[in-house]
Amino acid sequence: MAAGEKGNLRKAVLAVFLAGPLWLGLASSAQFKPEEIPDQAKWEEFLRTAIIVGEYQMKESEGVTRPWVLTLEKDGVKQQAIWKDAIGRMKGYMESWKAEIATYRLSKHLGLNMVPPTVEKERLGKKGSCQLWVVSWKDYFTIVNEERQPPPNYVRSFLRAMCLQRAFDNLIANADRHGKNYLITEDWRMILIDHSRSFRKGPDFTTKLLYDETNRVSRSFIMDQLPRKFVEILRALTAPAIRDNVGEYLTDEEIADTLKRRDLMTAWIDKHILDKGEAYVLY
């Protein structure tokens, strides 16, 4: 998270947030538009089958794993995508292109639809993740540094997105969320990218939540209020259900750890409901 979520953006959002329950509208929690979500299967097929007609590799300053920006073409349609084959320890962190695909699939299953379509694709005989390039207005880092504020009619939806991001990153153990991998559209929807460091292992990621009141950076934005449907799906997760959705892109251990984090989340949500009431926490 850039700059500790400082400045006018934080003040403006918190002012509305502290005023009381915000989740009175009927808008979808998904961050891709409702009319875009049915096209996900089409884009998945495109990413898998389109021909690579151009490519360049990002600089390390643009991405530690130095992914490739591909130009794909099929049936007269051209589209850019990000291709990663990072696997194993890099710069002191475990990276996995498989986590990119698992994250996308889990986002879909949870009804969040906050991650661009991502599939497995071979490039020069090597397997990797291939994610649809999303053209955004700005990233969160830029918004914070420019001290921009969401317009009044977007503050509620932006807060909703922030709560969902916290919940999702709690579940997938993504401690690498920084301002450059929140993509913000002009109508202040949030698209999440760069998940190769997700599904981390070890007690630090199975015995406590990454984002809650105890986290100095995140405590201004916690998973304070969440869609009832999301919480229902979260509670219903089982190892077979996760496996059915993510396929072989997560190990049994990674799935078991995801369920441990789910249990931490639901316990936190239950306590939050006791403290503030169900009508406040769930919408």
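Brief remarks follow.
- Unit charges at the beta carbon, dipole of segment 176-283: most positive-side option, Val281, Phe199, Phe221: Phe221
- Compactness of segment 77-129 - radius of gyration and Dmax, Cα, Å: 12.5, 39
- Take the Cα of Lys201, step 7 Å toward its Cβ, do the same at Thr142, and the gap between the two points is 3.8 nm.
- Distance from segment 91-108 to segment 212-283 (C-alpha centre basis), Å: 18
- Enclosed volume per residue, in Å³, of the convex hull spanned by Cα atoms of segment 37-132: 101
- Amide H to amide H distances under 5 Å link Tyr283 with Leu226, Arg228, where only residues 5 or more positions off or on other chains count and H is placed in the peptide plane.
- Legend: distances between Cα atoms for Lys98/Lys229; Lys78/Lys180; Lys138/Lys260; Lys78/Lys98; pairs beyond 29 Å are Lys138/Lys260.
- Taking amide H atoms as placed 1.01 Å from N in the peptide plane, the amide H of Asp139 lies under 5 Å from those of Ile184, each 5 or more residues away in sequence or on another chain.
- The ratio of the alpha-carbon radius of gyration of segment 188-267 to the globular-protein estimate 2.2 N^0.38 Å is 1.18.
- Extension gain, Arg48 to Ala239: 0.36 nm times the residue separation minus the Cα-Cα distance gives 66.1 nm.
- Directionally averaged shadow of segment 99-175, computed from the convex hull of its alpha-carbon atoms, nm²: 6.7
- Relative counts (whole %) of C-alpha pair distances in the chain, using bins that are 10 Å wide: 6, 29, 37, 23, 5, 0
- Residue among Lys208, Lys78, Lys108 with the largest mean-square fluctuation in a Gaussian network model of the chain, springs linking Cα atoms under 10 Å: Lys78
- Top of Ala81, Ala161, Ala50 by mean-square fluctuation, Gaussian network on the chain, Cα under 10 Å: Ala50
- GNM flexibility winner over the chain from Tyr249, Tyr154, Tyr140 (Cα, springs under 10 Å): Tyr154
Every number here is computed from the coordinates shown, using simple stated rules; none is lab data. Since we're looking at a predicted model, the values are computed, not measured. Because the Cβ atoms are built from the backbone with ideal geometry, glycine has one as well, and the counts that use them run over all protein chains shown.
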